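The values are calculated or read from the model by the stated rules, or taken from the named source; none is laboratory data. Keep in mind the model is a prediction, meaning the values are calculated, not measured. Backbone-built Cβ (ideal geometry, glycine too); neighbour counts: all protein chains shown. Remember, those area values only see protein heavy atoms, side chains included, never the ligands or the DNA or RNA. Shrake-Rupley method; radii C 1.70, N 1.55, O 1.52, S 1.80 Å.
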Amino acid sequence: MNLERYALTPPITEFPIVQGTNNTIIGIRTKDRDYVLKRYDVPHGIEGIQYEHTVLTWLDKQDLSFAVPAPIKTTDGRTLDQDTNGHYALMPLLQGHRPGHQNPHQIEALGAALGELHTVLNTYPTTPRPHAVLFNDLGNIHPLVPNPETLTPQDVGWPQTTLAETHCAWLREEIASLNTFLRETYNTLPKQVIHGDMAPSNTLYHNNQISAVLDFEFTGPDVRII
């Protein structure tokens, strides 16, 4: 990755940072501030990443009580850069720590941030995100399970045991029930652009409030309750 494509103030050094689940991130320290360099390891399609960047750039201009990781533009105006190792984005390092799953005050703050975020996203255009899989598209949730209605232990590499078959039978029953709900109810529920992956691990907490909401890789129009 060529950091000369960004208008950064030297000296520029790297520092270790806690890794995310799906992509590689590197801490970048400059004279002025710290950044996060993100390499997209999980393919979402270039158009999908650009959609995410457009949403983040828009959110960064809204009146929110927390920050979002809006991508920094290169000197030629791009938010997504590329070299032989993949695609990259540079974002500011945001302040805070992960809220505790068992701390009711921090989880309440997370819920308030989600409500605030979705109130703002309710005004964002509901143009479909390229290459996105909606939550009602069960056959495309994971490539190992293209037909969850007929799932067998062999489909996912489980041993042929009574316990494995019991699990698969339970899942097939749940899928059948879900398909009825999806067919008759899901498409009637209110839709808007949603975060799509809101959890304590995708937020930061500081000074008794959520200081940042992160990881918009699944953001796009879907049923609001999700």
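Once the range 99-127 is narrowed to residues that are within 15 Å of residue 201 (Cα to Cα) and surrounded by 13 or more Cβ atoms within 10 Å (Cβ to Cβ), the residue that is nearest to the chain's Cα centre (by Cα) is 114.
Filter the range 178-211 down to the residues that are hydroxyl-bearing (Ser, Thr, Tyr) and open to solvent by less than 70 Å² (accessible area, probe 1.4 Å), then identify the one that is nearest to residue 129 (Cα to Cα).
Initially, the range 178-211 is screened for residues hydroxyl-bearing (Ser, Thr, Tyr), giving 180, 185-186, 188, 201, 203, 205, 211.
Filter again for open to solvent by less than 70 Å² (accessible area, probe 1.4 Å), leaving 180, 185-186, 201, 203, 205, 211.
Numbers: 180: 26, 185: 22, 186: 19, 201: 23, 203: 22, 205: 29, 211: 26 Å.
Out of the qualifying residues, it is 186.
Does the range 74-87 contain any residue that is touching a Pro at 6+ places or on another chain (Cβ under 8 Å) and either of a type outside the set (S, T, N, Q) or in a strand (DSSP E or B) (or both)? Yes: the range 74-87 contains one or more residues that are touching a Pro at 6+ places or on another chain (Cβ under 8 Å) and either of a type outside the set (S, T, N, Q) or in a strand (DSSP E or B) (or both).
Hey, could you check the range 213-226 for residues that are more than 13 Å from the chain's Cα centre (by Cα) and of a type in the set (A, V, I, L, M) and say which is most open to solvent (accessible area, probe 1.4 Å)? Ranking the qualifying residues of the range 213-226, first place goes to 225.
To keep it simple, each residue is scored yes or no on (1) open to solvent by less than 60 Å² (accessible area, probe 1.4 Å); (2) closer than 25 Å to residue 210 by Cβ; (3) in contact with a Lys or Arg (Cβ under 9 Å, 6 or more places away or on another chain).
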position	(1), (2), (3)
31	no, no, no
36	yes, yes, no
51	yes, yes, yes
54	no, yes, no
67	yes, yes, no
70	yes, yes, yes
74	yes, no, yes
77	yes, no, no
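Of (1) closer than 19 Å to residue 196 by Cα; (2) part of a loop (DSSP other than H, G, I, E, B); (3) under 17 Å from the mean Cα position of the chain (by Cα), residue 18 satisfies all except one. Which? With respect to (1) closer than 19 Å to residue 196 by Cα; (2) part of a loop (DSSP other than H, G, I, E, B); (3) under 17 Å from the mean Cα position of the chain (by Cα), residue 18 is out only on (1).
Working only within the range 172-210, note down all residues that are in a strand (DSSP E or B) and either in contact with a His (Cβ under 9 Å, 6 or more places away or on another chain) or without any contact (Cβ under 8 Å) to a residue 24 or more places away in the chain (or both).
Residues of the range 172-210 in a strand (DSSP E or B): 191-194, 203-206, 209-210.
192, 193, 194, 204, 205, 206 - these are the residues of the range 172-210 that are in a strand (DSSP E or B) and either in contact with a His (Cβ under 9 Å, 6 or more places away or on another chain) or without any contact (Cβ under 8 Å) to a residue 24 or more places away in the chain (or both).
Does residue 145 satisfy the criteria of being assigned to a loop (DSSP other than H, G, I, E, B), without any contact (Cβ under 8 Å) to a residue 60 or more places away in the chain, within 30 Å of residue 54 (Cβ to Cβ) and among the aliphatic types (A, V, I, L, M)? Considered against the rule, which asks whether it is assigned to a loop (DSSP other than H, G, I, E, B), without any contact (Cβ under 8 Å) to a residue 60 or more places away in the chain, within 30 Å of residue 54 (Cβ to Cβ) and among the aliphatic types (A, V, I, L, M), residue 145 comes out as no. In the range 100-117, the residues that are within 11 Å of residue 213 (Cβ to Cβ) form Cβ pairs under 7 Å with partners that are among the small types (Gly, Ala, Ser) and modelled with pLDDT of 95 or more, at six or more places apart or across chains, as follows: 116/65. Which count do you get for residues in the range 129-177 that are exposed (fewer than 15 other Cβ atoms within 10 Å of the Cβ), within 27 Å of residue 194 (Cα to Cα) and touching a Pro at 6+ places or on another chain (Cβ under 6 Å)? Selection size over the range 129-177: 1.
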